[in-house]
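Visitor: Handing you a structure now.
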Amino acid sequence: MACTIVIGTQWGDEGKGKIIHLLAESADVVVRFASADMPGHTVFYNGVKYKLQFIPVGIFYPEKLTVLGNGMVIDLGMLCEEMDYLQKNGISLENLKISSMAHIVLPYHKILDQLEADKDSTVKRGRTRKGVASAYVDKVARKGIRVMDLMDDKIFSDKLKKILEEKNKIFDKVYSIAQKGFDVIYNDYIRYRDIIAPYVTNTPFLLNGLSSQGKKILFEGIQGTFMDLDFGTYPYVGSFNFTAGSACIGSGIGPTRIKNIIGVTKAYTTRVGEGPFPTELLGDMEEELRAAGGEYGATTGRPRRCGWLDLVMIRYSCILNGISGLAVTKLDVLDNFDIIKLCVGYEYEGVIYKDFPQDLKVLENCIPVYREFPGWKQDTLDIRNYDDLPLEARKYLDYISEQAGVPIYLVSVGHKREQSIIRRDVW
Ligand code: GDP
């Protein structure tokens, strides 16, 4: 029954890729349970840097199963490209499994995402317009097309004809634009179908069966808690749930099978796109933190917004996700700072908030209450034991753990796999 979920506790980009890669080494199965319209994880394997949008890091280990769960919406063109890219780099796809219940992104979803982004500033920034949001909208509206529909020529053809008729009316009457016709889309998707068909499986039965056999299953979270559709800073959020409960919904594993939930927490905070960010730094300090952490979008190069670690957020994240332990990443980025701050509360109109407020007005206008810590002014990149960290770094981490109410399982002090201080086995 060893199931472990890895979740981002902030706004994404916490460094989950490295942590998942590290834990995947001792897992039997790695599962992706949600999709996002942001670039996926960065993984270093045999000295090569891979950016994976869809396929979990388990794919680098031929003896492990790699599962794309039903909670995903999948751009099959991109998935097929990713499969081809991995195969060309000598990575076998033999152990890849794709849920027959996952939904697929179609060309009209991409056009709709683009049109939405163009007219609404809330979704404009931070979106890559890949059709993910519109595919989730269709899923909820019961108009989605699932992988299993594609497996049957007639079912796929009937569903596609019906939905295209509706979408074309919208494109024509509302936006006065044309889109690809039925034949082009149908032929492209039948070609993708032929590529993915050998990997399509009934994944809930597969995963529960493996769990009953005692296999170690790792659930690879994407995005972060505060991008969650329900619990994030709505409407500045993603199109799906990224909190721990979503691992069960997006894969078909029952909650009682989950043993550990690891909250990946960057030692400071970043955010991409618009929306409230109470601890955001402005000016030189932000630039210093951004430069030290290399906080620029992996594909866009766009500077990320940067600020101090916010414990009001982390406490809430621990509650929402039922976090068992934290993996604190990028501690090394703070190595050269004289003073490091931790936000312990928000002040708004004379009231101190210790619990994360739901009201955007409070989040947008509050003043963070900080506790200051002296910097350790020493390299941590080569440290492998917690007790060898500088005293000031340990005080900083211990305070995070105390405030979060959970232990720190792991500290990451560099992007390399071995630059890790492992304190607890997660299985
Ligand atoms: P994710 O979106 O949460 O999966 O984050 P990414 O995988 O995109 O990670 C962001 C970047 O941080 C990547 O370039 C990682 O190599 C890097 N990274 C991860 N952990 C550490 C760390 O402890 N220190 C440093 N300096 N970089 C790290």
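Visitor: Residues that are touching a Phe, Trp or Tyr at 6+ places or on another chain (Cβ under 7 Å) and not β-branched (Val, Ile, Thr): which strands (runs of 3 or more DSSP E) entirely in segment 343-427 hold 1 or more of them?
Guide: Hits in segment 343-427: 351-353, 367-374.
Visitor: Next up: So residue 46 ticks every box in (1) buried (at least 24 other Cβ atoms within 10 Å of the Cβ); (2) away from the ligand (no atom under 13 Å from the Cβ) but one. Which box is left unticked?
Guide: So the condition that residue 46 fails would be (1).
Visitor: So which of 31, 67, 73 is farther than 24 Å from residue 296 by Cβ, buried (at least 22 other Cβ atoms within 10 Å of the Cβ), more than 15 Å from the ligand (Cβ to nearest atom) and under 13 Å from the mean Cα position of the chain (by Cα)? Before the answer, list the steps.
Guide: Details: 67 fails: under 13 Å from the mean Cα position of the chain (by Cα); 73 fails: under 13 Å from the mean Cα position of the chain (by Cα).
Criteria check complete, one pass: 31.
Visitor: A follow-up question, please. Can you pull out every residue in segment 235-269 that is surrounded by fewer than 24 Cβ atoms within 10 Å (Cβ to Cβ), within 30 Å of residue 399 (Cβ to Cβ) and hydroxyl-bearing (Ser, Thr, Tyr)?
Guide: Once the filter is applied, which keeps residues that are surrounded by fewer than 24 Cβ atoms within 10 Å (Cβ to Cβ), within 30 Å of residue 399 (Cβ to Cβ) and hydroxyl-bearing (Ser, Thr, Tyr), segment 235-269 yields only 236.
Visitor: Of the residues in segment 276-291, how many are under 23 Å from the mean Cα position of the chain (by Cα) and not small (Gly, Ala, Ser)? Break it down stepwise before answering.
Guide: Taking segment 276-291 and keeping what is under 23 Å from the mean Cα position of the chain (by Cα), we get 276-280, 289-291.
Narrowing further to those that are not small (Gly, Ala, Ser): 276-280, 289-290.
Final tally of qualifying residues: 7.
Visitor: Moving on to the next point. Pairs please, first residue from segment 318-334 and more than 20 Å from residue 424 (Cβ to Cβ) and without any contact (Cβ under 8 Å) to a residue 24 or more places away in the chain, second anywhere and within 9 Å of the ligand (Cβ to nearest atom) and among the aromatic types (Phe, Trp, Tyr), Cβ atoms under 8 Å, 6+ apart in sequence or on different chains.
Guide: As it stands, the answer is none, since no pair meets every condition given.
Visitor: Here's a follow-up. If I filter segment 79-107 down to residues being at pLDDT below 95 and among the hydroxyl-bearing types (Ser, Thr, Tyr), which single residue comes out as surrounded by the fewest Cβ atoms within 10 Å (Cβ to Cβ)?
Guide: The qualifying residue surrounded by the fewest Cβ atoms within 10 Å (Cβ to Cβ) is 92.
Visitor: For segment 167-202, give me each residue that is of a type in the set (D, E, K, R) and either surrounded by 11 or more Cβ atoms within 10 Å (Cβ to Cβ) or under 31 Å from the mean Cα position of the chain (by Cα) (or both). Don't jump to the end; show me each part of the working.
Guide: Start the filter on segment 167-202 by keeping residues that are of a type in the set (D, E, K, R), which leaves 167, 169, 172-173, 180, 183, 188, 191, 193-194.
Of everything in segment 167-202, those that are of a type in the set (D, E, K, R) and either surrounded by 11 or more Cβ atoms within 10 Å (Cβ to Cβ) or under 31 Å from the mean Cα position of the chain (by Cα) (or both) turn out to be 167, 172, 180, 188, 191, 193, 194.
Visitor: Based on this model, can you work out whether residue 287 counts as part of a helix (DSSP H, G or I) and more than 19 Å from residue 415 (Cα to Cα)? I'd like the intermediate steps shown before the answer.
Guide: Numbers: part of a helix (DSSP H, G or I): yes; more than 19 Å from residue 415 (Cα to Cα): yes.
Spelling it out, residue 287 is indeed part of a helix (DSSP H, G or I) and more than 19 Å from residue 415 (Cα to Cα).
Visitor: Name the residues in segment 329-342 that are part of a strand (DSSP E or B) and surrounded by 13 or more Cβ atoms within 10 Å (Cβ to Cβ), would you?
Guide: Within segment 329-342, the subset part of a strand (DSSP E or B) is 329, 339-342.
Result: 329, 340, 341, 342.
Visitor: Kindly provide the set of residues from segment 5-25 that are free of Cβ contacts under 8 Å to residues at least 60 places away in the same chain and either part of a helix (DSSP H, G or I) or among the aliphatic types (A, V, I, L, M) (or both), ordered by number. Step through it out loud before you land on a result.
Guide: Quick first cut of segment 5-25, residues free of Cβ contacts under 8 Å to residues at least 60 places away in the same chain only: 17, 25.
Of everything in segment 5-25, just one residue is free of Cβ contacts under 8 Å to residues at least 60 places away in the same chain and either part of a helix (DSSP H, G or I) or among the aliphatic types (A, V, I, L, M) (or both), namely 17.
Visitor: Checking residue 205 against (1) surrounded by fewer than 20 Cβ atoms within 10 Å (Cβ to Cβ); (2) in the same structural domain as residue 396 (by TED's automatic domain parsing): exactly one of these is not met. Which one?
Guide: (2) is the only condition that residue 205 fails.
Visitor: Among the residues of segment 263-284, which ones are out of contact with any Lys or Arg (no Cβ under 9 Å at 6 or more places or on another chain) and either in a helix (DSSP H, G or I) or within 16 Å of the ligand (Cβ to nearest atom) (or both)?
Guide: Listed by number, the residues that qualify are 263, 265, 284.
Visitor: Of the conditions (1) within 16 Å of the ligand (Cβ to nearest atom); (2) under 27 Å from residue 388 (Cα atoms); (3) of a type in the set (D, E, K, R), residue 310 fails just one. Which one is it?
Guide: Unmet for residue 310, out of (1) within 16 Å of the ligand (Cβ to nearest atom); (2) under 27 Å from residue 388 (Cα atoms); (3) of a type in the set (D, E, K, R): (1).
Visitor: Given the condition more than 9 Å from the ligand (Cβ to nearest atom) and modelled with pLDDT of 95 or more, answer yes or no: does some residue in segment 19-27 qualify?
Guide: yes
Visitor: Looking at segment 398-408 only, could you name the residues that are within 12 Å of residue 262 (Cβ to Cβ) and either charged (D, E, K, R) or within 14 Å of the ligand (Cβ to nearest atom) (or both)? Spell out how you get there, then give the answer.
Guide: Within segment 398-408, the subset within 12 Å of residue 262 (Cβ to Cβ) is 406-408.
408, the sole residue that qualifies.
Visitor: Take the residues in segment 290-313 that are assigned to a strand (DSSP E or B) and in contact (Cβ under 8 Å) with a residue 12 or more places away in the chain, then tell me which one is farthest from residue 369 (Cα to Cα). Step through it out loud before you land on a result.
Guide: Taking segment 290-313 and keeping what is assigned to a strand (DSSP E or B), we get 296, 303, 305-307, 309-310.
From what is left, the residues that are in contact (Cβ under 8 Å) with a residue 12 or more places away in the chain are 303, 305-307, 309-310.
Numbers: 303: 25, 305: 19, 306: 17, 307: 13, 309: 12, 310: 10 Å.
Among those residues, the one meeting the criterion is 303.
The values are calculated or read from the model by the stated rules, or taken from the named source; none is laboratory data. Quick caveat, the model's predicted, so the values are computed rather than measured. Counting neighbours? That spans all protein chains shown, and the Cβs are built from the backbone with ideal geometry, glycine included.
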